[in-house]
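Novice: Structure provided below as structure tokens; questions to follow.
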Amino acid sequence: MLSPLFLVIATLVRITSEGPVFYRATRVGRYGKPFKVYKFRTMVVNADKLGPGVTGATDPRVTPIGRFLRKTKLDELPQLINVLRSEMSIVGPRPEDPRYVALYTEEQHKVLNARPGITSPASIQYRDEESMLTGDDWEEHYIQTVMPAKLAIDIEYAKNANLWHDIGLILKTLRSLLTSS
């Protein structure tokens, strides 16, 4: 059903910037197992080697079509491949870059007991995370403030996860996408 949308997005990514359509990044999954997460590429090629692992509000590595895909969260659609591969679920804590997982406290490591998801309570609450990451050292702000707050939300979610709560989170995610795009 989504293949026409995938085709349109892939074409836009391909004709507006050099490089592959998809971006595969290593993330830490359930029980600390690394896996490759799929996304539509929204940044210049080798962006992960040109700056921090998080993206700030005015990050020059983001392509023009990438800004649109990030704002609408359409760049996340290929993660359905990760769901089909059982590396992710629809709802669960967002998977994190290994360099940030290395900074987790013992308490924060508990989030790795849950299968990561495409959406989570923290991803809804921090939907505009990039806009919070401004200034000269947005990565440090992410590490010291944003990441711990998101982890606390997702750890609490993981303690109380159930099907009805997940359905509610899916509906909140859809509402958030439709009202703020």
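Novice: Do you know which of the residues in region 115-135 that are part of a loop (DSSP other than H, G, I, E, B) and small (G, A, S) is farthest from V62 (Cα to Cα)?
Specialist: The extreme case among them is S120.
Table: residues versus (1) more than 21 Å from N113 (Cβ to Cβ); (2) in contact with a Phe, Trp or Tyr (Cβ under 9 Å, 6 or more places away or on another chain).
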position: L133; (1), (2): yes, yes
position: H141; (1), (2): yes, no
position: A149; (1), (2): no, yes
position: I155; (1), (2): no, no
position: A161; (1), (2): no, no
position: L178; (1), (2): yes, no
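Novice: If you don't mind, another one. Name the residue that is surrounded by the fewest Cβ atoms within 10 Å (Cβ to Cβ), counting only residues in region 32-53 that are outside any strand (DSSP E or B) and without any contact (Cβ under 8 Å) to a residue 24 or more places away in the chain. Spell out the reasoning first.
Specialist: Looking only at region 32-53, we keep the residues that are outside any strand (DSSP E or B), and these are 32-33, 41-42, 44-53.
Checking which are without any contact (Cβ under 8 Å) to a residue 24 or more places away in the chain leaves us with 33, 46-51.
On the way: K33: 10, N46: 9, A47: 21, D48: 14, K49: 6, L50: 12, G51: 15.
Across region 32-53, the extreme among qualifying residues is K49.
Novice: Output the number of the condition that K71 fails; it satisfies all remaining conditions of (1) over 14 Å from the mean Cα position of the chain (by Cα); (2) open to solvent by 20 Å² or more (accessible area, probe 1.4 Å); (3) within 23 Å of M43 (Cβ to Cβ).
Specialist: (1)
Novice: Could you please give the count of residues in region 79-111 that are of a type in the set (D, E, K, R), surrounded by fewer than 18 Cβ atoms within 10 Å (Cβ to Cβ) and not in a loop (DSSP other than H, G, I, E, B)?
Specialist: Step one: list which residues in region 79-111 are of a type in the set (D, E, K, R), which gives 85, 87, 94, 96-97, 99, 106-107, 110.
Right, trim to surrounded by fewer than 18 Cβ atoms within 10 Å (Cβ to Cβ) and you get 85, 97, 99, 106-107, 110.
Now restrict to residues that are not in a loop (DSSP other than H, G, I, E, B): 99, 110.
Going through region 79-111 one residue at a time, the tally reaches 2.
Novice: Going by the conditions given, is R30 under 22 Å from S86 (Cα atoms), basic (K, R) and within 14 Å of the chain's Cα centre (by Cα)? Can you show your working first?
Specialist: Details: under 22 Å from S86 (Cα atoms): yes; basic (K, R): yes; within 14 Å of the chain's Cα centre (by Cα): no.
In short, no.
Novice: Look at region 169-181 and say how many of its residues are exposed (fewer than 13 other Cβ atoms within 10 Å of the Cβ) and either assigned to a helix (DSSP H, G or I) or of a type in the set (V, I, T) (or both).
Specialist: Adding up the residues that qualify gives 6.
Novice: While we're on this one: Give the residues of region 154-167 that are of a type outside the set (G, A, S) and open to solvent by 40 Å² or more (accessible area, probe 1.4 Å), sorted by residue number. Break it down stepwise before answering.
Specialist: Of all residues in region 154-167, those of a type outside the set (G, A, S) come to 154-157, 159-160, 162-167.
Selection gives E156, K159, N160, N162, L163, W164, H165, I167.
Novice: Now for a different question. How many residues does region 91-133 hold that are of a type in the set (D, E, K, R) and touching a Ser or Thr at 6+ places or on another chain (Cβ under 9 Å)? Don't jump to the end; show me each part of the working.
Specialist: Filtering region 91-133 down to residues of a type in the set (D, E, K, R) leaves 94, 96-97, 99, 106-107, 110, 115, 127-130.
Narrowing further to those that are touching a Ser or Thr at 6+ places or on another chain (Cβ under 9 Å): 94, 97, 115, 127-130.
Within region 91-133, residues that are of a type in the set (D, E, K, R) and touching a Ser or Thr at 6+ places or on another chain (Cβ under 9 Å) number 7.
Conditions (1) within 27 Å of T134 (Cα to Cα); (2) touching a residue at least 12 places away in the same chain (Cβ under 8 Å), marked per residue:
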{"position": "T55", "(1), (2)": "yes, yes"}
{"position": "P64", "(1), (2)": "yes, yes"}
{"position": "P78", "(1), (2)": "no, yes"}
{"position": "L84", "(1), (2)": "no, no"}
{"position": "E87", "(1), (2)": "no, yes"}
{"position": "V91", "(1), (2)": "no, yes"}
{"position": "E96", "(1), (2)": "yes, yes"}
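Novice: If we keep just the residues of region 1-31 that are part of a loop (DSSP other than H, G, I, E, B) and in contact (Cβ under 8 Å) with a residue 60 or more places away in the chain, which is most open to solvent (accessible area, probe 1.4 Å)?
Specialist: Selected residue: L2.
Novice: Then there's this: Would you mind stating whether A114 is open to solvent by less than 40 Å² (accessible area, probe 1.4 Å), over 19 Å from G168 (Cα atoms) and touching a residue at least 12 places away in the same chain (Cβ under 8 Å)?
Specialist: Numbers: open to solvent by less than 40 Å² (accessible area, probe 1.4 Å): yes; over 19 Å from G168 (Cα atoms): no; touching a residue at least 12 places away in the same chain (Cβ under 8 Å): yes.
The answer is no for A114.
Novice: Looking only at region 53-72, which residues are under 19 Å from L174 (Cβ atoms) and out of contact with any strand residue (DSSP E or B) (no Cβ under 9 Å at 6 or more places or on another chain)?
Specialist: Filtering region 53-72 for residues under 19 Å from L174 (Cβ atoms) gives 68-72.
Matches in region 53-72: F68, K71, T72.
The values are calculated or read from the model by the stated rules, or taken from the named source; none is laboratory data. Owing to the predicted nature of the structure, the values given are computational and were not obtained by experimental measurement. No Cβ is skipped: glycine too gets one built from the backbone with ideal geometry, and neighbour counts run over all protein chains shown. Surface areas here come from the heavy atoms of the whole protein model, side chains and all, with no ligands, DNA or RNA. Shrake-Rupley method; radii C 1.70, N 1.55, O 1.52, S 1.80 Å.
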